[in-house]
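Trainee: One structure is given below, represented as structure tokens, and several questions about it will come after.
The values are calculated or read from the model by the stated rules, or taken from the named source; none is laboratory data. Note that the coordinates shown come from a computational prediction; the quantities given were computed from them, not determined experimentally. Neighbour counts are summed over all protein chains in view; Cβ atoms, including those assigned to glycine, are modelled from backbone coordinates with ideal geometry.
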Amino acid sequence: MIHDEERVRRKRTCRFCEQGIEFIDYKDDRFLRRFLSDRAKILTRRITGNCAFHQRQLTTAIKRGRHLALLPFTSEIHR
Ligand SMILES: [Zn+2]
């Protein structure tokens with residue numbers, strides 16, 4: 001049986017750990033956007049494959065970005 005994670009990524013590695021990134025830059029909105037769904041929701045760990053530590057960092061970074069209006073709260077911009 002092929003499950004969803006087979007489709008997303010075979011190896012479940014955290015890209016931040018892979019690249020040795022300790023702190024995620026909340027000002028890098030173009031980068032953070034890659035972790036938002038089409039409805040501007042934060043992608044879950046199941047999809048991103050991040051470890052718990054970095055997923056939390058990412059969530060915090062995105063929330064900060066939203067408050068600084070770098071990132072959307074909803075998907076009003078697209079479409
Ligand atoms: Zn990690």
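Trainee: Looking for something under 21 Å from THR13 (Cβ atoms), in contact (Cβ under 8 Å) with a residue 40 or more places away in the chain and not in a helix (DSSP H, G or I) - is there at least one such residue anywhere in region 46-66?
Mentor: yes
Trainee: Here's another thing I want to ask about it. Among the numbered conditions (1) modelled with pLDDT of 95 or more; (2) away from the ligand (no atom under 16 Å from the Cβ); (3) surrounded by fewer than 13 Cβ atoms within 10 Å (Cβ to Cβ), tell me where THR44 comes up short.
Mentor: Of everything listed in (1) modelled with pLDDT of 95 or more; (2) away from the ligand (no atom under 16 Å from the Cβ); (3) surrounded by fewer than 13 Cβ atoms within 10 Å (Cβ to Cβ), THR44 misses just condition (2).
Trainee: With (1) within 16 Å of the ligand (Cβ to nearest atom); (2) hydrophobic (A, V, I, L, M, F, W, C); (3) at pLDDT below 95 as the list, and PHE73 as the residue in question, which single condition is left unmet?
Mentor: Condition (1) is where PHE73 drops out.
Trainee: Let me ask something else about it. Quick check on region 65-77. Is at least one of its residues among the aliphatic types (A, V, I, L, M) and crowded, with 18+ Cβ neighbours inside 10 Å?
Mentor: Looking only at region 65-77, we keep the residues that are among the aliphatic types (A, V, I, L, M), and these are 68-71, 77.
In the following step, the residues that additionally are crowded, with 18+ Cβ neighbours inside 10 Å were identified as 71.
Scanning region 65-77 turns up at least one residue that is among the aliphatic types (A, V, I, L, M) and crowded, with 18+ Cβ neighbours inside 10 Å.
Trainee: Residue by residue through region 22-41, note down the ones that are modelled with pLDDT of 95 or more, within 16 Å of the ligand (Cβ to nearest atom) and assigned to a loop (DSSP other than H, G, I, E, B).
Mentor: Correct list: ILE24, ASP25.
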